[in-house]
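Below: one structure, written as structure tokens.
The values are calculated or read from the model by the stated rules, or taken from the named source; none is laboratory data. On a predicted model such as this, the values are computed, not experimentally measured, just so you know. Cβ placement follows ideal geometry from the backbone for every residue including glycine, while neighbour counts extend to all protein chains displayed. The protein model used for the area step is the full one, side chains on, heavy atoms only, and it has no ligands, DNA or RNA in it. Shrake-Rupley method; radii C 1.70, N 1.55, O 1.52, S 1.80 Å.
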Amino acid sequence: MGNKKSSCHLLKDYELQEYSKISSFTHDEIDQIYHYYVHFSASHTDDGVIDYSEFCQAMHLSDTLISKRIFRIFDANKDNVINFREFLIGLAYFLYETTEHQVLLSFRLFDIDGKGYCTKEDLKIILVCCLETMKESFVLSKGKNAVALEGIAEKMVQETYKRAGLEVGCKISYKNYRQIYFKHNIAAKWLLMDMDKLKQGVMILSGKVTDAESHSKKKTSSCFN
């Protein structure tokens, strides 16, 4: 029965042609991604689409605020599930290599509602989420007291505003965010660490790198460079 189900989901030539036009993937990569998509779209409910829990499972993401926002970027039509077209475009979007694209992508995670700006609270809430995954690194050596993650995030955000010459608490436009990103990349670097993990997973999924290559890159890459 497994072979029968798999054969039903093979993409046709015209579908491969269409999907290759809307993404940066080859036909072989699209076919590989499709089989991966079909598997996870049926992992909880066999309905042909990927919901949030299936998305986290497929992308090896924990249930965090950042994961929820990444899901919302993939879910272009905002129906709370991801179809294959959205999945493919989302993967291509996260793999796009230009620096300008990385800036825009990180801004979208802060400005998830598309307001055109992010607030001090937007920065802080994402930073807390990023720091949460690294909280063991933020324990004071003096005694057993741990530094509150919100306190760390608050100081980082205030320092970001200060170095950018902005009044603390003002709304940050994309233009200002871009300046912060390139010149005072304090807040964004924590988000980039989390995004790099996702990107490595996407590359493995699409067959662009092997697991061994991924481990090697993790050892040599750092957003602090």
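List of remarks:
- Computed from the C-beta positions of Glu18 and Asp46 and an R0 of 22 Å, the FRET efficiency is 0.35 to the nearest 0.05.
- For segment 9-66, the solvent-accessible area with a 1.4 angstrom probe is 55 square angstrom per residue.
- Applying a threshold of 27 Å to the alpha-carbon distances of Lys68/Lys115; Lys124/Lys183; Lys12/Lys68; Lys78/Lys155; Lys155/Lys183; Lys68/Lys175 flags Lys12/Lys68; Lys78/Lys155 as lying beyond it.
- Heavy-atom accessible area, probed at 1.4 angstrom with all protein chains present, ranks His35, His44, His101 as His44, His35, His101, highest first.
- According to the Cα-based calculation, Rg over Rh for segment 5-92 is 0.96, with Rh computed by the Kirkwood formula.
- Of all accessible heavy-atom area on segment 1-102, the percent that carbon and sulfur account for (1.4 Å): 53 percent
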